[in-house]
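Worksheet for the structure shown next.
The values are calculated or read from the model by the stated rules, or taken from the named source; none is laboratory data. Predicted model, so just to flag it, every value in this text is computed and none were measured. Here Cβ is always computed from backbone atoms with ideal geometry, including for glycine, and neighbour counts include all displayed protein chains. With ligands, DNA and RNA removed, areas are computed over all heavy atoms of the protein, side chains included. Shrake-Rupley method; radii C 1.70, N 1.55, O 1.52, S 1.80 Å.
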Amino acid sequence: MRASVIAHKDFTVSEIDDRVYGAFLEHLGRAIYTGIYEPDHPTADKDGMRGDVAQLVRDLNIPMVRYPGGNFVSAYNWEDGIGPREKRPTRLDLAWHTSDSNAVGVHEFAAWCDTVGTKMMLAINLGSRGLDEARNFVEYVNGPTGSYWGDLRKSNGRTDPWDVKLWCLGNEMDGPWQVGHKTADEYGRLASETAKTLRAFDKSLELIVCGSSHSNMPTYPDWERTVLEHTYDSVDHISLHMYFANREKNTANYLALNEKLDAYIGTVASTIEFVRAKKRSKHKVYISFDEWNVWYHSNQADRKVLDGNDGWPHAPRLLEDIYNFEDVLQVGCIINTFIRRSDVVKLACIAQLVNVIAPIMTDPKGAAWRQTTYYPYYFASRFGRGVALDLQVQSPGYDAEVADNVPYVDISGVYDEAARTLTFFAVNRHGSETIETDIALHGFGAGQIIDHQVMTHTDLEAVNTASTPEAVAPKKGSGASVADGKLTVRLLPYSYQMIRVKV
Ligand code: AHR
């Protein structure tokens, strides 16, 4: 099989906002406790944070991490997580039927962000709480000393404000499962008043209003329209979420799901433009895809805890999806979609980062290792920065449940002008055919391959575990070449590849 692609230096989509490579950590299962925080772990630092996990996170070069939820945030009292640890209350977490010691709160999370070289993106509880707690939290985090909240922060050990720019106005407020779920009008009003109040404190905050929890929601896409009609000029991003599953064990359908993601982004981008026109506004609102990932492997195992049959356990195993090789291809396709839609998607967070539907797994008191899906995220975050190219792709395709003529080759291209590098991320969705792919490089000058990484496996269900942490891992590719302005690469059946060219 053959495919051809044209990459032209002047045909671009947009500068990619680095923040599309963000991540998410929730007080859920073992994401925090025995994930990033485990004071009696051999690698723990003075704050009780695991050094082995911190290193794996640091390697990912993550621009920001959304915290503390998720569904958890909708019944969370941020004040429970400040002050002396021994005085912090243990609370029941109504979202996941667990309990939380509050040993980690905003101070500990902020210090961890410094350790791993990332920034905080904080979510506000607009479920069980409202405007007053929101403004108090923002003032506590960002306010000057000499005021009540700033002084309280200082007395808890942090003098300088953290200057957090990104604030999520609640989480999945369209979802009936959410504590404090609201109609679009109810939420739109509350979000609008909250945004106005937070802006009275600091105009430069970047505010994210809740869009749909997924595109099968009965309220989608009217939800976006209504919420934006209430909030348009006072917010910067609208949040979307989507999780991917292969319950039917149909790889072709599964790997076509990013077509649905692309349509979802397109619809919400149009809705944004519709409301913008209606408002006669110059202001631009973008998409924050602040929860995305594969999530289905653990659904059955989680029922016992979620149904309350285990009482209120602290940090149980929950949402511990063990990712396989097939999921590498899926994550590669998802990230390619964000790169291709970088004109409208400016923020995104892989959900989540450690243990809970995560690229990094840990054993309590034991090892930390990379899941299979760590790698496509790693490569994109490290090398997918620059300008997204508007590639012209001709590839044979197939009909799937969500779309027809889905191209077997899913590809994105990024040009980093300063580093003079061109990076392509490609997935071959065909299970038995190698696809000989030519990429015509126009306007870049002569080029040479500087890196070629390939992920492929004979078993789509192969996984990494503590005892076989490298069972699915990238290998150096061979055979790609550049000559006469053309990059030629063989895309092996069911493979993920990254090809980097110095130009
Ligand atoms: O990431 C797991 C959960 O998925 C989040 O808590 C929630 O926002 C979404 O439904």
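Listed conditions (1) touching a His at 6+ places or on another chain (Cβ under 7 Å); (2) farther than 21 Å from K182 by Cα are all met by P84, apart from (1).
Quick one: which strands (runs of 3 or more DSSP E) sit completely within the range 1-57 and have at least 3 residues that are touching a His at 6+ places or on another chain (Cβ under 9 Å)?
Details: elements: 2-8, 12-15, 22-24.
Strands (runs of 3 or more DSSP E) meeting the threshold: 2-8.
Suppose the filter is within 16 Å of the ligand (Cβ to nearest atom), surrounded by 20 or more Cβ atoms within 10 Å (Cβ to Cβ), among the polar types (S, T, N, Q) and under 30 Å from I272 (Cα atoms); does Q352 pass it? For Q352, the condition - within 16 Å of the ligand (Cβ to nearest atom), surrounded by 20 or more Cβ atoms within 10 Å (Cβ to Cβ), among the polar types (S, T, N, Q) and under 30 Å from I272 (Cα atoms) - is met. Taken over the range 301-324, the residue count meeting the criterion of being without any contact (Cβ under 8 Å) to a residue 60 or more places away in the chain and within 16 Å of the ligand (Cβ to nearest atom) is 4. Annotation note: Cβ proximity below 8 Å between a residue of the range 350-364 that is at pLDDT below 95 and a residue that is away from the ligand (no atom under 13 Å from the Cβ) and open to solvent by less than 10 Å² (accessible area, probe 1.4 Å) (sequence gap 6+ or interchain) occurs for no pair.
Looking across the range 72-105 at every residue that is open to solvent by 30 Å² or more (accessible area, probe 1.4 Å) and not in a loop (DSSP other than H, G, I, E, B), the one that is farthest from M173 (Cα to Cα) is identified as E86.
Taking the listed residues R385, R317, R370, the one that is under 22 Å from N71 (Cβ atoms), out of contact with any Phe, Trp or Tyr (no Cβ under 7 Å at 6 or more places or on another chain) and open to solvent by 40 Å² or more (accessible area, probe 1.4 Å) is R317, with no other qualifying.
Looking only at residues in the range 11-68 that are basic (K, R) and surrounded by fewer than 24 Cβ atoms within 10 Å (Cβ to Cβ), the one that is farthest from the ligand (Cβ to nearest atom) is K46.
Can you confirm whether the range 94-107 contains a residue that is farther than 15 Å from F72 by Cα and among the charged types (D, E, K, R)? So far as the range 94-107 goes, no, none of its residues is farther than 15 Å from F72 by Cα and among the charged types (D, E, K, R). Just one of (1) surrounded by 14 or more Cβ atoms within 10 Å (Cβ to Cβ); (2) out of contact with any Pro (no Cβ under 8 Å at 6 or more places or on another chain) fails for Q448. It is (1). Here A123 meets each of (1) within 16 Å of the ligand (Cβ to nearest atom); (2) under 24 Å from the mean Cα position of the chain (by Cα); (3) touching a residue at least 12 places away in the same chain (Cβ under 8 Å); (4) assigned to a loop (DSSP other than H, G, I, E, B) with one exception, condition (4).
Report whether or not W177 is in a loop (DSSP other than H, G, I, E, B), more than 16 Å from G143 (Cβ to Cβ) and aromatic (F, W, Y).
yes
When the test is whether a residue is among the hydroxyl-bearing types (S, T, Y), in contact with a strand residue (DSSP E or B) (Cβ under 9 Å, 6 or more places away or on another chain) and within 16 Å of the ligand (Cβ to nearest atom), Y296 passes it.
Only one residue in A269, A256, A263 is of a type in the set (G, A, S), open to solvent by 30 Å² or more (accessible area, probe 1.4 Å) and more than 16 Å from the ligand (Cβ to nearest atom). Which one? It would help to see each step written out before you state the result.
Details: A269 fails: open to solvent by 30 Å² or more (accessible area, probe 1.4 Å); A256 fails: open to solvent by 30 Å² or more (accessible area, probe 1.4 Å).
Just a single option satisfies the conditions, and that option is A263.
Considering only residues in the range 194-211 that are open to solvent by less than 10 Å² (accessible area, probe 1.4 Å) and not in a strand (DSSP E or B), the one that is farthest from I272 (Cα to Cα) turns out to be L198. Test K284 against the criterion of being in a loop (DSSP other than H, G, I, E, B), closer than 29 Å to A403 by Cα, open to solvent by 10 Å² or more (accessible area, probe 1.4 Å) and free of Cβ contacts under 8 Å to residues at least 40 places away in the same chain, and give yes or no. In short, no.
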